[in-house]
Amino acid sequence: TPEQTAHAVALCATMGLSLGAARSGEHVAQWKGLAAPGAAFEAIHLVRLAQAGITGPLHVFEGPMGLRQALGKDFGIRWDSEGYDGILACSIKKHNAEFHAQSLIDAVLELRTRFELKAADVQRIDVEIFKAAYEMIGGGKYVNPRTVRTKEDADHSLPYLVAVALIDGQVQPEQFEESRIQREDVQELMRRVESRERHRFTAEYPMRLHERVTAHGCEGKPIQVEKREYEGFFARPMAWEAVMEKFRGLCGTALPEERQNRVIEYVRGVEQRPITELFAALAPSHGAGSVPSPMERS
């Protein structure tokens with residue numbers, strides 16, 4: 001009901017806040033990759049409590065000890081015009097990397113193929129990005145992108161993402177194996193990558209992920225590629241076939257092909273089918289006395 005919905009929002013706003021500490025510091029914690037799923041898990045729990053009649057603090061935004069007071073400043077929410085179509089502004093990552101680096105990686109890969117660029121040819125790589133990306137992965141606020149030892153560090157390091165994309169020609173799970181991260185080729189190239197904020201790009205965010213990469217070679221003029229978005233960004237949706245290719249690639253051996261097909265079939269008609277069908281497709285099946293693997297348990 002409308003009343004239950006109001007209380008669900010109040011409960012989620014009170015309990016679902018996540019601090020930026022999850023993705024900041026000298027070394028990024030593993031919780032970084034679980035913070036969003038954790039918030040979603042908590043939200044589902046709180047919505048069900050509201051449905052069962054538990055009330056929440058309806059003054060959570062503007063009232064005493066609410067969000068406005070906690071922030072110490074006002075925030076503009078136009079309640080009379082806000083809709084429920086936020087899901088249409090969601091994006092899918094193309095590359096296995098931090099969201100704000102997606103256009104950037106596309107630009108590096110284009111430099112690599114169009115100009116046949118190799119790490120040995122590079123004297124310096126300059127990256128111009130928008131404020132959110134600079135603060136999160138460029139070293140402006142959240143992390144030290146030069147100290148990369150773990151998957152979480154690498155995912156939030158602009159120099160690492162640029163370097164490994166240029167050397168390997170892709171940024172997928174293999175690029176975040178510890179043995180790959182520690183190799184001297186990528187660690188050395190990282191030291192030749194610099195980034196800075198460009199205010200014009202910042203003004204376009206979040207409607208565009210505008211980024212420019214310029215490679216300075218040991219010989220000849222600089223070469224440059226500029227990207228404003230990528231395939232998978234909400235303004236340029238990823239084709240169904242590309243989504244399926246990514247899904248199958250990331251499944252690996254964690255989900256047998258038959259169950260992958262069942263998941264795909266469910267998602268294709270998600271609006272008309274009960275969620276229990278998806279759970280059935282994902283649930284592991286075990287014979288008598290068998291023990292689920294850690295991957296299956298997770």
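How far apart, in nanometres, would the label points at S179 and F41 be if each is projected 7 angstrom from Cα along the Cα-to-Cβ direction?
Each label point is offset 7 Å from its Cα along the Cβ direction, giving 3.1 nm.
Apply 1/(1 + (r/R0)^6) to the Cβ-Cβ distance of A239 and D168, taking R0 = 25 Å, and write down the FRET efficiency to the nearest 0.05.
Calculated transfer efficiency: 0.55.
Aspartates and glutamates within cross-link reach of K141: Cα-Cα under 13 Å, excluding same-chain residues under 8 positions apart?
Straight-distance partners of K141: E26, E197.
Might you tell me the accessible area per residue for the chain, computed with a 1.4 Å probe and given in Å²?
Roughly 60 Å² per residue, with all protein chains present.
For the chain, what does the helix formula give at 222 nm: sum of -39500 (n - 2.57) over DSSP H segments with n ≥ 4, over the residue count, nearest 500 deg cm²/dmol?
Counting only the DSSP helices, I get -12000 deg cm²/dmol.
Could you state the number of Å between the C-alpha centres of segment 1-39 and segment 243-280?
Between the Cα centres of segment 243-280 and segment 1-39 lies a distance of 26 Å.
What is the calculated FRET efficiency for T5 to Q224, with r their C-beta to C-beta distance and R₀ = 45 Å, to the nearest 0.05?
In this case the efficiency is close to 0.35.
Using the structure shown, select from K73/K93; K93/K151; K73/K227 the pairs with a Cα to Cα distance greater than 26 angstrom.
K73/K93; K73/K227
Among L104, S91, T276, whose Cα sits farthest toward the positive end of the charge dipole of the chain (+1 at Cβ of Lys/Arg, -1 at Cβ of Asp/Glu, about the Cα centre)?
After comparing all options, I get L104.
Given Cα positions, please report Rg to Rh for segment 82-165, the hydrodynamic radius being the Kirkwood one. Numbers along the way, then the final one.
Working: Rg = 14.6 Å, Rh = 14.1 Å.
Over the Cα atoms of segment 82-165, Rg/Rh equals 1.04.
Springs between alpha-carbon atoms under 10 Å, Gaussian network over the chain: tell me which of G269, G16, G38 tops the mean-square fluctuations.
G269
Please list Y230, Y142 from largest to smallest accessible area, probe radius 1.4 Å, with all protein chains kept in place.
The ordering from most to least exposed comes out as Y142, Y230.
Obtain the radius of gyration and the Kirkwood radius of segment 160-234 from its C-alpha atoms and give Rg over Rh. Intermediate results must be reported in sequence, preceding the final value.
On the way: Rg = 14.5 Å, Rh = 14.4 Å.
Rounded to two decimals, Rg over Rh is 1.01.
Between I77 and Q272, what is the spin-label point distance in nm, taking each point 7 Å from the Cα along the Cα→C-beta axis?
If labels sit at I77 and Q272, their model points lie 3.6 nm apart.
Taking N as the number of residues in the chain, what is its Cα Rg relative to 2.2 N^0.38 Å? Can you show the working numbers first?
Working: Rg = 22.2 Å, N = 298, 2.2 N^0.38 = 19.2 Å.
Cα-based Rg divided by the globular estimate yields 1.16.
Once fully extended, how much extra length lies between I264 and D121, figured as 0.36 nm per residue of separation less the alpha-carbon to alpha-carbon distance? Could the numbers behind the result be given before it?
On the way: separation 143, 0.36 × 143 = 51.48 nm, distance 4.30 nm.
Roughly 47.2 nm would be gained on extension.
Percent of accessible area on segment 194-239 owned by carbon and sulfur, 1.4 Å probe?
48 percent
The values are calculated or read from the model by the stated rules, or taken from the named source; none is laboratory data. Bear in mind the structure is a predicted one, so any value in this text is a computation, not a measurement. Note: ideal-geometry Cβ built from the backbone for every residue, glycine included; neighbour counts use all protein chains shown. Please note that ligands, DNA and RNA were not included when accessible areas were found on the heavy atoms of the full protein model with its side chains. Shrake-Rupley method; radii C 1.70, N 1.55, O 1.52, S 1.80 Å.
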